[in-house]
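**Student:** Next up is a structure, given as structure tokens.
Just so you know, all these numbers are worked out from the coordinates, no wet-lab data involved. Computed from a predicted structure; not experimentally measured. In this analysis, Cβ positions are derived from the backbone assuming ideal geometry, glycine residues included, and neighbour counts consider all displayed protein chains.
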Amino acid sequence: MLSCTCNDWDGDGPAWYWPDDFTVMPWVVRRKPCQSCGLLIDIGSVCISFIRFRPPESDIEERIEGEEVPLATHYLCEACGEIFFNLNAAGYCVGPYDDLQDDLEEYQEITGFKSEEPMENSIQHQTKYNYTICPVCGVYTMPKHVSTAPDKVVRKWICANPACGEVRTEVEGR
């Protein structure tokens, strides 16, 4: 349910830092689920990360961890992240655990605006915007350097997986 007001954190229970922008899913042991739609996010894919913490529950824990006890980071996939940022920018209060697809439909009913095009899934978006799959480890990777000349485009790809580090140059003639 969309709301224009956010409840302030009362200092009890888990909380998170609001992200500023998209990031790339870090190299972790396994893929992580989107907290909104449940889609598994591939390592190296574009996503939003929520760094979570909670207050210490005892004096001992406070001496060890300080004012904030770190919790596992949670993630939103790129499609849910777009909805999250856009609805927040429009003045609505949505969080990472909301069903953002439902919130978008509710927003479209309220405003009367409906997109002509269906939303792309993560793989279609990554293919459309020049992502490639590393041939060594299979991680989605963006070009790190692109240069354009009148007759060709040169892309340098560096794998997002630090354990792999594959470097590849791709030349595309016009």
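**Student:** So which GluC sites (Glu not before Pro) in region 36-120 are both in a DSSP loop and have at most 15 other Cβ atoms within 10 Å of their Cβ?
**Tutor:** Listed in order of number, the matching sites are 57, 67, 68, 116, 120.
**Student:** Suppose R0 equals 30 Å. What FRET efficiency, 1/(1 + (r/R0)^6) with r the Cβ-Cβ distance, do residue 88 and residue 169 give to the nearest 0.05?
**Tutor:** Efficiency computed from Cβ-Cβ geometry: 0.15.
**Student:** With an 8 Å cut-off on Cα pairs and a minimum separation of 6 or more residues, tell me the relative contact order of region 25-88 in percent. Before the final figure, lay out each step's value.
**Tutor:** Numbers: 89 pairs, mean separation 21.6, N = 64.
That works out to 34 percent.
**Student:** Residue separation times 0.36 nm, minus the C-alpha to C-alpha distance between residue 4 and residue 23: what's the value? List each step's numbers first, then the result.
**Tutor:** Values: separation 19, 0.36 × 19 = 6.84 nm, distance 2.63 nm.
Between residue 4 and residue 23, full extension yields an extra 4.2 nm.
**Student:** Oh, and also: As a footprinting exposure proxy, order 18, 27 by other Cβ within 10 Å, with the fewest listed first.
**Tutor:** Neighbour counts put them in this order, fewest first: 18, 27.
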